[in-house]
Amino acid sequence: MPPVFPMLTVLSMFYYMCLRRRARTATRGEMNSRRAIESNTRALPINVEIVQYAKEVLDFSSHYGSENSMSYTMWNLAGIPNVYPSSGDFTQTAVFRTYGTWWDRCPSARLPFKRTPSTFCSQDYVELAFEEPVYPTAVHILETYHPGAVVRILACSANPYSQNPPAEVRWEILWSEAPTKVNGPQARQFTPCIKQINFPTNLIRLEVNSSLLDYYTELDAVVLHGVKERPVLSLKTSMIDMNDIDEDEDEEKFGCGMDTLNKQFSIVTLREWPTNGYFDKLPYELIQLILSHLTVPDLCRLAQTCKLLYQHCCDPLQYIHLSLQPYWARINDTSLEYLQSRCTLIQWLNLSWTGNRGAISVSGFSRFLKACGSELVRLELSCGHFLNETCLEVITEMCPNLQELNLSSCDKIPPQAFNHIAKVGSLKRLVLYRTKVEQTALLSILNFCSELQHLSLGSCVMIEDYDLIASMMGAKCKKLRSLDLWRCKNITESGIAELASGCQLLEELDLGWCPTLQSSTGCFTNLARKLPNLQKLFLTANRSVCDTDIEELAANCTHLRQLDILGTRMVSPASLRKLLESCKDLSLLDVSFCSQIDNRVVLELNANFPNVFIKKSFTQ
């Protein structure tokens with residue numbers, strides 16, 4: 001009989017490795033609830049669970065509502081539920097600005113950045129503060145209309161109510177998942193299985209992706225469950241999950257802090273690299289092409305394998321287009337400093353969502369642009385709350401070739417700072433959604449940036465006279481193709497007439513929630529006759545849109561693809577049939593809350609025009 005001692009020795013070693021791994025993960029607080037010890041376990045000590053609703057909305061990327069109202073705004077997420085468990089379209093909920101893929105299929109759509117990790121699919125976010133820091137045990141999201149948009153939940157180590165900011169801000173993913181299609185728009189309580197973290201938090205971030213939704217998702221409230229004392233798991237174990245043997249998993253944790261990514265950026269080893277293998281036989285261009293499919297962290301890891309690949313991975317040609325938005329929680333001044341030598345040829349740079357809570361300083365951002373801004377053509381800075389007047393001044397001085405600038409939701413930039421943008425005469429795209437740009441600065445920008453093709457002024461509440469702005473656009477911006485005037489409060493038929501006469505290349509126009517426009521003045525008829533290239537027209541919540549306007553669109557704007565006339569009481573089924581028969585490319589028609597268009601009419605139109613998505617919203 002062969003001896004069994006070697007087998008026992010192997011099993012003993014395996015058992016030791018399992019226990020060692022278990023102890024390490026437990027001390028880090030990274031045990032996932034689905035990997036919890038399967039029997040004879042309990043949390044020690046036993047804590048009383050605290051249940052709390054969000055106290056305050058700290059930050060968000062967009063919302064459907066107005067800056068001066070509570071209807072459809074993110075601020076509705078604070079406090080107890082207003083609507084749940086009811087289902088339907090309610091103004092007391094939080095609604096993001098977009099849904100579906102419609103915004104990616106219009107003239108203003110931007111080209112995506114390559115190298116975006118497949119695991120990053122977030123389009124919008126909202127950050128919520130709670131009263132008491134706790135170790136989370138559950139997060140409940142009350143969704144009241146078209147649920148299924150939430151793709152990631154994160155917790156932050158920083159206490160927004162603390163007087164002493166921490167030396168390092170950590171973010172941990174509590175839960176994440178790819179977008180999924182939810183059958184039906186009915187309300188639900190979404191309670192994903194979250195992982196355990198090793199720090200208390202009272203700052204929760206939701207990230208959403210609405211690309212699979214048939215309409216706007218509506219959120220009512222968020223409930224955080226947690227305990228004050230950190231749970232400690234009992235060491236009595238009867239079974240160990242084999243997944244815990246994965247030694248590489250910890251390196252992939254999103255919340256491992258900024259050090260990991262920065263070490264990857266800065267890695268320099270003095271040892272001798274091994275031979276380059278067969279890569280020496282490949283053309284330089286072919287290796288560059290292969291590496292162009294890797295994400296930024298993968299490039300940093302590959303650079304540690306051999307001299308040849310190190311040279312390729314650090315080649316500035318690999319960083320012509322660079323998006324750091326997927327790594328927003330780990331990007332800081334040190335990251336930018338490490339990247340400087342690799343980004344000397346960079347043309348597209350995405351720093352959206354990065355740098356907040358002191359991660360990127362004005363000096364760090366300025367140093368990077370002074371070293372790498374000369375070739376920049378596109379700069380995305382959405383929700384960059386570290387930006388100030390100095391930053392805009394540096395952008396205009398260091399980026400002479402800039403053509404696209406996105407400052408969406410950069411609401412901390414002071415009004416006078418926007419005057420600097422007028423120095424960039426080469427601009428073709430400018431996004432100022434939810435900024436504090438004032439009228440004087442905007443007039444200067446329009447006067448000197450005559451190459452503008454795409455301009456977003458949605459929810460810019462500090463502009464006093466939009467008729468004057470529209471007149472300047474008509475006179476100076478002859479190449480304008482898309483214009484967003486969402487929730488512009490004071491434009492009249494006079495401004496629309498100037499705009500339509502001067503900007504006849506317009507293909508996309510958003511006049512949603514502009515209450516001062518009245519169909520009786522002929523403003524919409526004038527638009528239809530002067531702008532035959534229109535592909536997207538949003539007249540959302542304009543009660544005065546009538547059959548005459550729809551018939552003029554049918555006669556003159558045959559290339560129309562998207563039309564939103566939500567809320568009108570004056571449009572009949574007959575005029576819609578004319579529109580659908582004339583505009584063969586129409587793919588989106590929103591007739592929600594149109595009093596003459598009932599569900600029976602929508603069903604009939606859907607049957608006769610199956611290629612058109614006809615949306616009819618409801619409230620219960």
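The values are calculated or read from the model by the stated rules, or taken from the named source; none is laboratory data. Bear in mind that the values here come from a model prediction, so they are computed numbers and not experimental data. Cβ atoms come from the backbone with ideal geometry, glycine included; neighbour counts cover every protein chain shown. With ligands, DNA and RNA removed, areas are computed over all heavy atoms of the protein, side chains included. Shrake-Rupley method; radii C 1.70, N 1.55, O 1.52, S 1.80 Å.
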Discussion item. Show the residue pairs meeting these rules: Cβ distance below 7 Å; 6+ apart or different chains; first residue within region 287-311 and open to solvent by 30 Å² or more (accessible area, probe 1.4 Å); second residue hydroxyl-bearing (Ser, Thr, Tyr).
Written reply: Gln304/Thr269
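Taking the criterion of being in a loop (DSSP other than H, G, I, E, B) and either among the acidic types (Asp, Glu) or at pLDDT 95 or above (or both), would at least one residue in region 125-146 satisfy it? Give the steps one after another, and end with the answer.
Filtering region 125-146 for residues in a loop (DSSP other than H, G, I, E, B) gives 146.
If we keep only those that are either among the acidic types (Asp, Glu) or at pLDDT 95 or above (or both) as well, we get 146.
Yes.
Quick test for you: out of Thr540, Thr568, pick the one residue that is in the same structural domain as Arg487 (by the TED database), closer than 20 Å to Trp513 by Cα, in contact with an Asp or Glu (Cβ under 8 Å, 6 or more places away or on another chain) and crowded, with 20+ Cβ neighbours inside 10 Å.
Values: Thr568 fails: in contact with an Asp or Glu (Cβ under 8 Å, 6 or more places away or on another chain).
After ruling out the rest, the residue left standing is Thr540.
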Discussion item. It is to be established whether one or more residues within region 181-197 are on the phi < 0 side of the Ramachandran plot, open to solvent by 60 Å² or more (accessible area, probe 1.4 Å) and touching a Phe, Trp or Tyr at 6+ places or on another chain (Cβ under 8 Å).
Written reply: yes
Worksheet item: Within region 574-611, how many residues are in a loop (DSSP other than H, G, I, E, B) and under 23 Å from Phe90 (Cβ atoms)?
Response: 8
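Looking at Ser69, Ser62, Ser86, Ser108 in this structure, which one is of a type in the set (Gly, Ala, Ser) and at pLDDT below 95?
On the way: Ser62 fails: at pLDDT below 95; Ser86 fails: at pLDDT below 95; Ser108 fails: at pLDDT below 95.
From the options Ser69, Ser62, Ser86, Ser108, the qualifying one is Ser69.
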Worksheet item: Looking at region 444-467, which of its residues are open to solvent by 30 Å² or more (accessible area, probe 1.4 Å) and in contact with a Leu (Cβ under 7 Å, 6 or more places away or on another chain)?
Response: Glu451, Gln453
Worksheet item: Within the set of pairs 6+ apart or on separate chains, which have a first residue in region 593-618 that is not assigned by the TED database to the domain that holds Tyr99 and aliphatic (A, V, I, L, M), a second that is surrounded by fewer than 18 Cβ atoms within 10 Å (Cβ to Cβ) and outside any helix (DSSP H, G or I), and C-beta atoms under 7 Å apart?
Response: Val612/Ser587
Discussion item. What are the pairs with Cβ atoms under 9 angstrom where one residue, in region 394-416, is touching a residue at least 40 places away in the same chain (Cβ under 8 Å) and the other, located anywhere, is open to solvent by 50 Å² or more (accessible area, probe 1.4 Å) and aliphatic (A, V, I, L, M)? Sequence gap at least six, or different chains.
Written reply: Pro415/Met462
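Take Ser471 and decide whether it is open to solvent by 50 Å² or more (accessible area, probe 1.4 Å) and farther than 26 Å from Ser382 by Cα. Outline the logic, then answer.
Numbers: open to solvent by 50 Å² or more (accessible area, probe 1.4 Å): no; farther than 26 Å from Ser382 by Cα: yes.
No, not satisfied.
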Worksheet item: Across region 337-361, which residue is nearest to Pro112 (Cα to Cα) among those that are hydrophobic (A, V, I, L, M, F, W, C) and open to solvent by 40 Å² or more (accessible area, probe 1.4 Å)?
Response: Trp348
Discussion item. I'd like to know if region 87-97 contains one or more residues that are open to solvent by 30 Å² or more (accessible area, probe 1.4 Å), under 27 Å from Asn356 (Cα atoms) and among the polar types (S, T, N, Q).
Written reply: no
Worksheet item: Does region 54-106 hold any residues that are of a type in the set (Lys, Arg) and assigned to a helix (DSSP H, G or I), and which are they?
Response: Arg105
Response to the item:
Within region 118-130, restricting to residues that are over 10 Å from the mean Cα position of the chain (by Cα) and open to solvent by less than 20 Å² (accessible area, probe 1.4 Å), the one that is nearest to Asp59 (Cα to Cα) is Glu127
Item to complete: Give just the number: which of (1) closer than 20 Å to Asn356 by Cβ; (2) open to solvent by less than 20 Å² (accessible area, probe 1.4 Å); (3) of a type in the set (A, V, I, L, M, F, W, C) does Ala167 not satisfy?
Response: (2)
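So is Trp171 in contact (Cβ under 8 Å) with a residue 24 or more places away in the chain, in contact with a helix residue (DSSP H, G or I) (Cβ under 7 Å, 6 or more places away or on another chain) and of a type in the set (Phe, Trp, Tyr) or not? If you could, list the steps in order and put the result at the bottom.
Numbers: in contact (Cβ under 8 Å) with a residue 24 or more places away in the chain: yes; in contact with a helix residue (DSSP H, G or I) (Cβ under 7 Å, 6 or more places away or on another chain): yes; of a type in the set (Phe, Trp, Tyr): yes.
Taking the combined requirement at face value, the residue satisfies it.
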Worksheet item: Is one or more of the residues making up region 522-541 in contact with a helix residue (DSSP H, G or I) (Cβ under 8 Å, 6 or more places away or on another chain) and over 19 Å from Ala555 (Cβ atoms)?
Response: no
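Any residue at all in region 374-384 that's open to solvent by 50 Å² or more (accessible area, probe 1.4 Å) and either touching a Ser or Thr at 6+ places or on another chain (Cβ under 9 Å) or under 21 Å from Arg115 (Cα atoms) (or both)?
Within region 374-384 (the criterion being open to solvent by 50 Å² or more (accessible area, probe 1.4 Å) and either touching a Ser or Thr at 6+ places or on another chain (Cβ under 9 Å) or under 21 Å from Arg115 (Cα atoms) (or both)), the answer is yes, since at least one residue qualifies.
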Response to the item:
Scanning region 395-425 for residues that are in a loop (DSSP other than H, G, I, E, B), open to solvent by 40 Å² or more (accessible area, probe 1.4 Å) and of a type in the set (S, T, N, Q) gives Asn401, Gln403
Worksheet item: Does region 323-334 contain any residue that is touching a strand residue (DSSP E or B) at 6+ places or on another chain (Cβ under 9 Å), within 23 Å of Ser176 (Cβ to Cβ) and not in a helix (DSSP H, G or I)?
Response: yes
